[in-house]
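Here's the structure we're looking at; comments come further down.
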Amino acid sequence: MSENTADLSTTPRLYVEGPLSAGREIALRDAPAHYLGSVMRRQPGDMVRLFDGTSGEWAARVLAVARKSVTLVVAAPSAPQEAMADLWLCFAPLKRGRIDWLVEKACELGVARLVPVITRRTIVDRLNAERLQAHMIEAAEQCGRTALPVLAEPVTLPSLMRDWPVERALYFADETGGARLVETVMPGPAAFLVGPEGGFMTEEAAMIRAVPAAKPVSLGRRILRADTAAIAVISVWQALVGD
Ligand code: SAH
């Protein structure tokens, strides 16, 4: 079945559990069905774009629209699986709202992996991974990603530093001072480490600086909120060496 997938740019785009393959029928319920049927008012014969996070994006055709379900059949690939920039964001979990915003922006900006780091001044030591995953899926649907960032299990700062992979540059956003970011960023596997609202303890900063791959970087003389700092460093990295 050859599909004219050229004019799909305005069709709705949804993340579904994979694997996607030509001819596979998918029955959507709950929120995705409501979105396609009631919000986007898709009718049988209309096209939709689906992605499962691993096999790229596929054009699918609406077969049936019922009150609580929408049935689709996968037609043909409409975009290849992206190669993600090899960029991690290690961040101290923030309050609900700010952390939601942070993971959504990190997803839009192409981050491959999000690593929640528990530091001495982290005020939030539990995070709702399901809620954050939903924010990342929504961001990926909106921004055109075919791969979802990985949200890692929370890890303490000492264990993350102890096990740091030697080949990955660790750009440490240090509000007490560091090199200029634009003069420090190099191509290659990278991670940014951003502290909690209260910043890093002195001994934590020393522990980070002791890691061979660590590169302390300053974002200027103003003290940024952690979420601002995270998005700033990712944006600069993407502009200089990203995808
Ligand atoms: N201790 C600070 C607050 C920390 S800001 C205070 O005095 O209020 C939260 C985090 O954002 C910091 O741990 C750091 O990772 C990052 N950050 C904020 N401003 C920064 C800057 N100007 N340069 C580098 N990193 C910064």
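The values are calculated or read from the model by the stated rules, or taken from the named source; none is laboratory data. All of these numbers come straight from a predicted model, not from anything done at the bench. A quick note on method: Cβ atoms are made from the backbone with ideal geometry, for glycine too, and the neighbour counts reach across all protein chains shown. Protein only, heavy atoms only, side chains kept; ligands, DNA and RNA dropped before computing areas. Shrake-Rupley method; radii C 1.70, N 1.55, O 1.52, S 1.80 Å.
Assorted remarks:
- Checked against the criterion of being in a strand (DSSP E or B) and within 30 Å of Gly45 (Cβ to Cβ), the candidates Leu114, Leu148, Leu89, Leu72 yield just one match: Leu72.
- Count - residues of the stretch 180-199 that are within 12 Å of the ligand (Cβ to nearest atom), open to solvent by less than 20 Å² (accessible area, probe 1.4 Å) and in contact with a helix residue (DSSP H, G or I) (Cβ under 7 Å, 6 or more places away or on another chain): 6
- The conditions of being among the acidic types (Asp, Glu), in contact with a strand residue (DSSP E or B) (Cβ under 6 Å, 6 or more places away or on another chain) and farther than 30 Å from Gly18 by Cα are met by Asp174.
- Residue within the stretch 219-226 that is within 16 Å of the ligand (Cβ to nearest atom), farther than 25 Å from Met84 by Cβ and surrounded by 18 or more Cβ atoms within 10 Å (Cβ to Cβ) present: no
- Scope the stretch 227-243; condition touching an Asp or Glu at 6+ places or on another chain (Cβ under 9 Å) and near the ligand (Cβ under 10 Å from one of its atoms); matching residues: Ala229
- Selected residue (only one of Ile234, Ile223 is in the same structural domain as Leu114 (by TED's automatic domain parsing) and in contact with a helix residue (DSSP H, G or I) (Cβ under 7 Å, 6 or more places away or on another chain)): Ile234
- Per-region count, the stretch 129-157, residues surrounded by 13 or more Cβ atoms within 10 Å (Cβ to Cβ) and more than 30 Å from Ser78 (Cα to Cα): 4
- Scanning the stretch 160-179 for residues that are more than 10 Å from the ligand (Cβ to nearest atom), open to solvent by 20 Å² or more (accessible area, probe 1.4 Å) and not hydrophobic (A, V, I, L, M, F, W, C) turns up Arg162, Asp163, Pro165, Glu167.
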